[in-house]
Amino acid sequence: MRKSETGEAPAPTRLGPSAEQLAAHRISPRFYNADLAPARKEGRSWTAYSVFTLWANDVHSLGNYGFALGLFALGLGAWQILVALLVGAALLFFLLTLSGFMGYKTGVPYPVMSRISFGIHGAQLAASVRGIVAIAWFGIQTYLASSVLNVMLLTMFPGLQSWADAEFLGLSGLGWFSFSLLWVIQVIIVSYGMEMIRRYEAIAGPIILVTFLALAVWMLIRVDFSIAWSTEYALSGWEMWMHILGGGALWVSIYGTFVLNFSDFTRAAKKRGSIIVGNFWGIPVNMLVFGLVVISLAGAQYKIDGTVITSPADIVQSIGNPILLVLASLSLLLLTVAVNLMANFVAPTYALTNLFPRHLNFRSAAIISAVIGFVILPWNLYDSPVVIVYFLGGLGALLGPLFGVIMVDYWVVRKTKVNVPQLYTEAGDGEYFYHRGVNWRAIGAFIPASAISLVFALVPAFSGFSEFSWFSGAAIAALIYFVIARRDFTFSEVDGEEIAVPTHH
């Protein structure tokens, strides 16, 4: 039997290929395990509904509502907000569909996908940037959800107020309880793998949609279906259109993480059409519904007392009926956990697995990610503008250049031809070994594009361009890589079925 380059035969997976099959493709255990392996096409379980429920949850996140309600506060009226959201939705539908197709065809998660462009070692850069951003936001989102749980618990049990008054390390006793409880729940869900996440999202999606539609109808009834269409400081002319276009661009930037690692989910899609249908109903259609809810909530509250709300939680907390408040709070908790699992838990889990495939699997990597998200005391990060703007904002600005390189390399340079087994070998003649495992042409495109993107995102003098930092980074990286990419090479296309594992492993 042939050995791998490291001198040891790869261990067979529990339900996947044998050691002999892996050795025949020179698969290295440094780059391959059951979680990083291609997903076998037979038995994939993600349908169009599965993809739709991802967006049914994520689009209606509290953070997104805060962003869209901020457009109302800036002076955009109802139709301007809808136009901004739909511009972003059209771009996202296109970008996410391209990214999703890559996952469906190859069956590999994002860290492995990155090896195509950046090399088997260079891909650690792309995976790590995405993972670090996600771990920080996992902790922050869990903290924000714990605040909702605090309100619900105090409504149900007013005697807990003494717990809310005692503080330790920046968080109240009740806050520690709520944060820890939600942290444990999320760890339990994700420890059962992607299939459990799919089931959770499928249940949470309809509940979230019904909850927000009901909240919007309730607010409309309070104002006899006559809302304020804008604030008294409504924008017009060129300034209005700049905010509309900027809002659409920021809407795409918010999903700059997802357009990178969407393959983590679509690698389990049953068919290519599932991605298109799920994305269509989940992005443009669902975002239209989201926009109508935003307009209803913001316009109704402004009509009532001239207040511009910053989150649906503001309305939930004003509900006088304790039972309705508890039900609404439970829905917000269900939503935040759903968003956190898909947006901020899966990416770092795969990133850590990619770093240590011989020592970590999906479950152990998920637990480590969660522990890091806990010990960084995320409530302190959230309260620090320096961390949010410069650290997380800076890392976020790097996502556009990563996307630009990966997309141009896959769709334009290679024309979708990928040799999947070669993504797992460290042989010097491997197709993705490049120069000592790094494609320096991809790095050469990434660095200058990232520098420009960071300037636009972080330097106050360029604040007018900050909304377009993701696009500028992606476009510049794509253009540079298109020019300098290697073309004196015949790209081969080999599927990964011989080394693939079942989706339910």
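The values are calculated or read from the model by the stated rules, or taken from the named source; none is laboratory data. Not measured: the values here are computed from a predicted model. When we count neighbours, we look across all protein chains shown, and the Cβ atoms used for this are built from the backbone with ideal geometry, even at glycine. Protein only, heavy atoms only, side chains kept; ligands, DNA and RNA dropped before computing areas. Shrake-Rupley method; radii C 1.70, N 1.55, O 1.52, S 1.80 Å.
Does Ser453 meet the test of being assigned to a helix (DSSP H, G or I), buried (at least 24 other Cβ atoms within 10 Å of the Cβ) and at pLDDT below 95?
Values: assigned to a helix (DSSP H, G or I): yes; buried (at least 24 other Cβ atoms within 10 Å of the Cβ): yes; at pLDDT below 95: yes.
Yes.
Answer with yes or no whether Gly103 is of a type outside the set (Lys, Arg), over 24 Å from Ala48 (Cβ atoms), in contact (Cβ under 8 Å) with a residue 60 or more places away in the chain and open to solvent by less than 10 Å² (accessible area, probe 1.4 Å).
Here the answer is no, as Gly103 does not meet what is asked.
Taking the options Ile484, Ile480, Ile499, name whichever one is surrounded by fewer than 22 Cβ atoms within 10 Å (Cβ to Cβ) and either modelled with pLDDT under 95 or of a type in the set (A, V, I, L, M) (or both).
Testing whether each residue is surrounded by fewer than 22 Cβ atoms within 10 Å (Cβ to Cβ) and either modelled with pLDDT under 95 or of a type in the set (A, V, I, L, M) (or both) leaves just Ile484.
Restricting to region 42-63, what's the tally of residues that are assigned to a loop (DSSP other than H, G, I, E, B) and either at pLDDT below 90 or surrounded by fewer than 17 Cβ atoms within 10 Å (Cβ to Cβ) (or both)?
Total meeting the criteria: 5.
Please verify whether Ile132 is surrounded by 22 or more Cβ atoms within 10 Å (Cβ to Cβ) and among the β-branched types (Val, Ile, Thr), treating the condition exactly as stated.
no
Any idea which of Val289, Val285 is without any contact (Cβ under 8 Å) to a residue 24 or more places away in the chain, open to solvent by less than 50 Å² (accessible area, probe 1.4 Å) and over 29 Å from Met156 (Cα atoms)?
Val285
Pull up region 152-199, narrow it to residues that are open to solvent by 70 Å² or more (accessible area, probe 1.4 Å) and of a type in the set (Phe, Trp, Tyr), then point me to the one that is nearest to Ala37 (Cα to Cα).
Per the stated criteria, the residue is Tyr192.
Name the residues in region 226-249 that are in a helix (DSSP H, G or I), surrounded by fewer than 23 Cβ atoms within 10 Å (Cβ to Cβ) and not charged (D, E, K, R), would you?
Scanning region 226-249 gives Gly237, Trp238, Met240, Trp241, Met242, His243, Ile244, Leu245, Gly246, Gly248, Ala249.
Go over the candidates Ala214, Ala249 one by one and state the one that is at pLDDT 85 or above and touching an Asp or Glu at 6+ places or on another chain (Cβ under 8 Å).
Sole residue among the options that is at pLDDT 85 or above and touching an Asp or Glu at 6+ places or on another chain (Cβ under 8 Å): Ala249.
Of all helices (runs of 4 or more DSSP H) completely enclosed by region 294-362, which ones contain at least 2 residues that are closer than 30 Å to Val112 by Cα and in contact (Cβ under 8 Å) with a residue 60 or more places away in the chain?
In region 294-362, 322-340, 346-355 are the helices (runs of 4 or more DSSP H) which contain 2 or more residues that are closer than 30 Å to Val112 by Cα and in contact (Cβ under 8 Å) with a residue 60 or more places away in the chain.
Looking only at region 79-93, filter to residues that are open to solvent by less than 10 Å² (accessible area, probe 1.4 Å) and more than 20 Å from the chain's Cα centre (by Cα); which one of those is farthest from Ala475 (Cα to Cα)?
The selected residue is Ile81.
Hey, any hits in region 393-403 for a residue that's over 22 Å from Met102 (Cα atoms), more than 18 Å from the chain's Cα centre (by Cα) and part of a helix (DSSP H, G or I)?
no
Please work out which one of (1) farther than 26 Å from Ile367 by Cβ; (2) at pLDDT 90 or above is the condition Ser162 fails and give its number.
Failing condition for Ser162: (2).
Please go through region 6-41 and pick out each residue that is modelled with pLDDT of 85 or more, part of a loop (DSSP other than H, G, I, E, B), open to solvent by 20 Å² or more (accessible area, probe 1.4 Å) and of a type in the set (Gly, Ala, Ser).
The answer is Ala34, and nothing else.
Inside region 87-132, can you point out the residues that are out of contact with any strand residue (DSSP E or B) (no Cβ under 9 Å at 6 or more places or on another chain), among the aromatic types (Phe, Trp, Tyr) and over 30 Å from Ile244 (Cβ atoms)?
Tyr110
Any residue at all in region 429-444 that's open to solvent by less than 50 Å² (accessible area, probe 1.4 Å), part of a helix (DSSP H, G or I), of a type outside the set (Lys, Arg) and modelled with pLDDT under 90?
no
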